[in-house]
Amino acid sequence: MEGANEEAESGTEVKGGGVEAGVIADPDGLTMALRNLLDNALKFTRDTPQPVIEIGGHETETSCIIWVQDNGKGFDMKFHDRIFEIFQRLHRAEEYPGTGVGLAIVQKAMQRMNGRVWAEGEPDQGATFYLEIPKNK
């Protein structure tokens, strides 16, 4: 991901591993989803003293699950469904710039691949976003 090297140079620790699985996925859609999740993680860890972003995944019998986890701003779970709506923001634009479309794009990309996205978070403790992609049959 293009922005990862810049952010890593600025003090953000980016960790990741690999998962190989036969999945039904649109490469461009998956790249776009991961890029948006990584961009969000970078944005919401910028004020964190020791920012860490971890990317990983695992297989189940029927799918591959990829996750992006950070130790940044996080969010209150009562807003879980709202964060995936287009133009929705939980923070003021002055605090964290953006258009409010990134997570809506992620959700749409996952729907087009018959997958899903969900998130878990806690205020000021970070967030984890999951992408689930069905395996080839």
Could you list Asp70, Asp26, Asp47 in order of exposure, starting from the residue whose Cβ has the fewest other Cβ atoms within 10 Å?
Asp47, Asp26, Asp70
Quick check: residue separation of Arg46 and Asp76 times 0.36 nm, minus the Cα distance between them. What number comes out in nm?
8.9 nm
Find the eigenvalues of the gyration tensor of the Cα atoms of the range 31-134, then list the square roots of 5 times those eigenvalues as equivalent ellipsoid semi-axes, largest first, in whole angstrom.
22, 16, 12
Can you check what the net charge comes to around Met113, using other residues whose Cβ is under 12 Å from the Cβ of Met113 (Lys, Arg +1; Asp, Glu -1)?
+1
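The numbers here are math on the coordinates, done by the rules we state, and not lab data. No experiment lies behind these values; they were computed from the predicted model shown. No Cβ is skipped: glycine too gets one built from the backbone with ideal geometry, and neighbour counts run over all protein chains shown.
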